[in-house]
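Q: Got a structure here, written out as structure tokens. Questions coming.
The values are calculated or read from the model by the stated rules, or taken from the named source; none is laboratory data. Source: prediction; values computed, not measured. Glycine gets a Cβ as well: all are built from the backbone with ideal geometry, and neighbour counts include every protein chain shown. To get the accessible areas, we keep the full protein, side chains included, count just its heavy atoms, and leave off ligands, DNA and RNA. Shrake-Rupley method; radii C 1.70, N 1.55, O 1.52, S 1.80 Å.
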Amino acid sequence: MKFRVNRDVLADAVAWVARVLPNRPAIPVLSGLLLEADDGDLVLSAFDYDVSARVSIDAVVAEPGRVLIPGRILAEITRSLPGEVVEVLTSGSEAVLTCGSAEFGLLTMPVEDFPSLPEMPPKIGAVGGVVFASAVGQVAPAASRDESLPMLTGIRVDISGDDVTMAATDRYRIAAREFGWRPETAGATAAAMVPARVLVDVARSLRGGEVSVALGDGVAGFESVGRATTVRLLDEQFIDYRSRLTDDWSIRADLPVAPFIDAIKRVTLVAERNTAVRLSFGQGQVLIQAGGGDIGRGAEVVDAELSGDDIQIAFQSQFLLDGLSGVETELVRLNMESPSRPALITEVPGDAGPSFRYLVMSLRLTT
């Protein structure tokens, strides 16, 4: 095999594919990147039996072929190369990489031992990359990192005709986002539990355009701008999140998002990590308080339009900030019932109503 390729293009492609390489591969070949050169294209692939990544880039191919190269070291090398054309050729058990005066000889791995990548399942629809990335960014913070409960580490994707809902929970909060998309079949319905870390990686790698979504046989696929990812789905079991995101609340407060977030961050500077933040709502304002321990205390007032009785309520500060950070309107609405019940964070609804909802548990108030 022998090919030449632009250094920046190669480094970018290698970095994108290498992100799915396992830290502790079940077998050594899973730490490798598969390079396949043929007819003006270079395809780079990685697979760990759960997640696969595949990207195709332009290359000048002198001799077609396939080679399996240790992925992480290849990513480090391509990232550090000078800005010149890269040439790669195989010679015996080595892949020789040359760029300017730099030359590396990397021992190859047995390509015949590398598992076949799963086929991309049937496409079921497409959505704009900006909308997709925004939705994932809003719900992913609510997904659990506890691998002992796989259901909680995923993002639930519910598809009903032209509408999609993404939802996640770690038992202490629920985040959900609704958006429109272009289904392949009108009126089609589907549901899937996708690992949150995979959706976050896909969203981070988007560069505009559309994201094609594929689903079938326990596998989901996402493709955008020549980059494709497949992932094995989690068990479909999930909570009935819709019933918990009710609109029936007796107390409602509308606040400017940015000043509210800034104030919370300031007053918690004197508090321990992930401490409680107390919100005291009165007519026309909310008093934000935190701290009071060994470091000190902080307090700040932000304008708020309150409907209903005055209320004092407390939340874990980072959980509250995660919800507020998902709001894409200038105003945020806190829907509350009592200090001991969860609160629902929504964007101030327009004609179509709120598309983002975030339910967060309150903390017991202490004197």
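Q: Using only alpha-carbon positions, what ratio does the radius of gyration of segment 137-193 give when scaled by 2.2 N^0.38 Å? Don't jump to the answer; show the numbers that get you there.
A: Numbers: Rg = 12.5 Å, N = 57, 2.2 N^0.38 = 10.2 Å.
It is 1.22.
Q: Can you figure out the FRET efficiency of Ser80 with Val130, using R₀ = 30 Å and their beta-carbon distance, to the nearest 0.05?
A: 0.40
Q: Just the accessible area per residue of segment 236-367, please: how many Å² with a 1.4 Å probe?
A: On a per-residue basis, 53 Å².
Q: Would you calculate the separation in nanometres between label points at Leu117 and Ile27, each defined as 7 Å from the Cα along the Cα-to-beta-carbon direction?
A: Modelled inter-label distance: 1.8 nm.
Q: Quick one, can you get me the convex hull of the C-alpha atoms of segment 71-127 expressed as volume per residue in Å³? Please list the in-between numbers first.
A: Working: hull volume 8.7 nm³, N = 57.
That works out to 153 Å³ per residue.
Q: Let me ask something else. Modelling each spin label as a point 7 Å along the Cα-to-Cβ direction, I'd like the Ile239/Asp262 distance in nm, to one decimal.
A: Taking the simple label geometry, Ile239 and Asp262 are separated by 3.4 nm.
Q: Would you compute, for the Cα atoms of segment 32-135, the largest minus smallest coordinate along each principal axis and list the three values in descending order, in whole Å?
A: Rounded to whole Å, the extents work out to 45, 33, 26 Å.
Q: Using a 1.4 angstrom probe on heavy atoms only, work out the carbon and sulfur share of the accessible area of segment 18-101 in %.
A: Ligands and nucleic acids excluded, carbon and sulfur give 48 percent.
Q: Across segment 53-193, what fraction of all alpha-carbon pairs, as a whole percent, falls in each successive 10 Å bin from zero upward?
A: Spelled out per bin, shortest first, that is 9, 25, 21, 21, 21, 3.
Q: Right, another one. Read phi for every residue in segment 236-244 and hand back ³J(HN,Hα) as whole Hz from Karplus 6.51 cos²θ - 1.76 cosθ + 1.60, θ = phi - 60°, with x for Gly and Pro.
A: For segment 236-244, the Karplus-derived couplings read 6, 4, 7, 6, 7, 5, 4, 5, 8 Hz, x marking Gly and Pro.
Q: To the nearest 500 deg cm²/dmol, what mean residue ellipticity at 222 nm is calculated for the chain from DSSP H runs of n ≥ 4 alone, each contributing -39,500 (n - 2.57), summed and divided by the residues?
A: Taking each H run of at least 4 residues, the total per residue is -5000 deg cm²/dmol.
Q: For the chain, what does the equivalent ellipsoid look like in terms of its semi-axes, each the square root of 5 times an eigenvalue of the Cα gyration tensor, given largest first in whole Å?
A: On the way: eigenvalues 439, 109, 62 Å².
In descending order the semi-axes read 47, 23, 18 Å.
Q: I'd like to know how segment 195-322 sits against the 2.2 N^0.38 Å rule of thumb: what's its Cα Rg over that expected value? Walk me through the intermediate numbers first.
A: On the way: Rg = 20.8 Å, N = 128, 2.2 N^0.38 = 13.9 Å.
Computed over Cα atoms of segment 195-322, the ratio equals 1.49.
Q: Want the number for Ile57 to Val96: 0.36 nm per residue separation, take away the alpha-carbon distance, what's left?
A: Here the answer is 12.1 nm.
Q: Please report, in Å, the Rg and the Dmax of segment 254-304, where both are computed over Cα atoms only.
A: Gyration radius and largest Cα-Cα distance of segment 254-304: 10.7, 33 Å.
Q: Next question. Between Asp217 and Ile73, what length comes free when the chain is fully extended (0.36 nm per residue of separation minus the Cα-Cα distance, one decimal in nm)?
A: Length gained, Asp217 through Ile73: 48.5 nm.
Q: How much accessible area per residue does segment 69-190 have, in Å², with a 1.4 Å probe? Please list the in-between numbers first.
A: Values: 5780 Å² over 122 residues.
Averaged over the residues of segment 69-190, the accessible area is 47 Å².
Q: With the crude spin-label approximation of a point 7 Å out along Cα→Cβ, what separation in nm comes out for Leu107 versus Ala188?
A: Reported label-point gap for Leu107 and Ala188 is 4.7 nm.
Q: Taking loop as defined by DSSP and a crowding limit of 16 other beta carbons within 10 Å, which trypsin sites (Lys or Arg not before Pro) in segment 3-82 fit? Could you put the intermediate results ahead of the total?
A: Working: sites: Arg4, Arg7, Arg19, Arg54, Arg66, Arg72, Arg79; in loops: Arg19.
Taking segment 3-82 and a limit of 16 other Cβ atoms within 10 Å, the loop trypsin sites (Lys or Arg not before Pro) found are Arg19.
Q: Give me the percent of the accessible area of segment 107-203 that comes from carbon and sulfur atoms, probe 1.4 Å, all protein chains in place.
A: Of the solvent-accessible surface of segment 107-203, carbon and sulfur hold 54 percent.
Q: Could you derive backbone 3J(HN,Hα) for segment 109-120 from the dihedral phi with the Karplus parameters 6.51, -1.76 and 1.60 (θ = phi - 60°), listing whole Hz in sequence and x where the residue is Gly or Pro?
A: 10, x, 5, 5, 8, 6, x, 5, 6, x, 5, 5
Q: Using 0.36 nm per residue, how much length does the chain from Arg252 to Ile295 gain when fully extended, once their Cα-Cα distance is taken away?
A: Working: separation 43, 0.36 × 43 = 15.48 nm, distance 3.27 nm.
Between Arg252 and Ile295, full extension yields 12.2 nm more.
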